[in-house]
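Taking it in order: structure first as structure tokens, then the write-up.
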Amino acid sequence: NVYRIWGTTRQFKEIMQAGLEVIGEVDEYQIYETLFLACKSLQTVSNDFILNISDLGIVSGITGASNLTEKSKSEIFDAIKAKNFQLVKLLLDSENVNEKVKNAILLLVQTYGDYTEIEKNIEPLSVTDEVKEKLTALISLAKTLESNGLKGKIKIDFSVLSDTNYYNGIVFNGVIYGTNGYALSGGEYDNLLKKMGKNSRAI
């Protein structure tokens, strides 16, 4: 039983929740295992599901390469999360943003699909070497999942943005056709462990 403050009502709501934590020496394999289990969990309900994955490091890396203020970055994050291309463009047009970075941010909003969509756009999205490295790792993760019986089930979606004060790195959510909202969600949360003085990773 979990108690969460709900929406605009700001009232506590009780929900039932089940999950898993991997804490310690988390590497690419543990991340893969967590996402694979997420897919298998969705599959127990229905085979008509999609797991959307993203990497907050990519979005933060691209927006961080601009000279945007923290307020503007926050507004753009919210607009990307809402997949509001016009608002992102409006916000960028009102700021003095490098053309390459501006085009990369606009491309983030429009990019959705399997890993081939990212492979096609890896160069225009790679505004720094670190972003390119993270894009390559995200493509590799999606390919590995698809090659293990999940073809067509993995979508890369940069609008999957969670609280950056808590999450970092890989984030995901799972949807099942015919149901409302997300059936599951999660991601890496190394930042929380750092706040607790722990030099570990977690997902």
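All of the numbers you see were taken from the coordinates with simple rules; none came from a lab. This one's a predicted model, so the numbers in the text were calculated from it and none came from an experiment. For neighbour counting, all protein chains shown are included, and Cβ atoms are generated from backbone atoms with ideal geometry for every residue, glycine included.
Structure shown: which of LYS151/LYS195; LYS40/LYS71; LYS89/LYS155 lie over 31 Å apart, alpha-carbon to alpha-carbon?
Details: LYS151/LYS195 38 Å; LYS40/LYS71 39 Å; LYS89/LYS155 24 Å.
Long pairs (Cα-Cα over 31 Å): LYS151/LYS195; LYS40/LYS71.
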Query raised in the report: Rounded, prolate or oblate: which one fits the stretch 124-170, using the alpha carbon gyration tensor with axes a ≥ b ≥ c (rounded when a/c is under 1.5, else prolate when a/b beats b/c, else oblate)?
Result: oblate
Query raised in the report: Expressed in nm to one decimal, what extension gain is obtained for the pair ASP48 and GLU70 from 0.36 nm per residue of sequence separation less their Cα-Cα distance?
Result: 4.0 nm
**Report entry** Theoretical FRET efficiency, 1/(1+(r/R0)^6), r = Cβ-Cβ of GLN86 and ASN180, R0 25 Å, to 0.05
**Finding:** 0.45
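My understanding is that a pair violates if its Cα-Cα distance is over 24 Å; which of LYS100/LYS134; LYS13/LYS194; LYS83/LYS198; LYS102/LYS132; LYS73/LYS132 do that in this structure? Present the calculation step by step, with values, prior to reporting the outcome.
Values: LYS100/LYS134 18 Å; LYS13/LYS194 29 Å; LYS83/LYS198 35 Å; LYS102/LYS132 16 Å; LYS73/LYS132 20 Å.
In this structure, LYS13/LYS194; LYS83/LYS198 exceed 24 Å between Cα atoms.
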Query raised in the report: Which entry is the computed Kirkwood radius over Cα pairs in Å for this structure: (i) 19.2; (ii) 17.9; (iii) 20.4?
Result: (ii)
Query raised in the report: If you take the square roots of the eigenvalues of the alpha-carbon gyration tensor of the stretch 1-70 and sort them as a ≥ b ≥ c, do you get rounded (a/c under 1.5), prolate (a/b over b/c) or oblate?
Result: oblate
Query raised in the report: Distance from the Cα centre of the stretch 5-50 to that of the stretch 138-183, in angstrom?
Result: 10 Å
Query raised in the report: Ranked highest first by the average count of other Cβ atoms within 10 Å around their residues, in what order do 17-28, 53-64 fall?
Result: 53-64, 17-28
Query - In nm, spacing of pseudo-spin labels at LYS13 and TYR32 (7 Å Cα→C-beta vector) - result: 3.7 nm
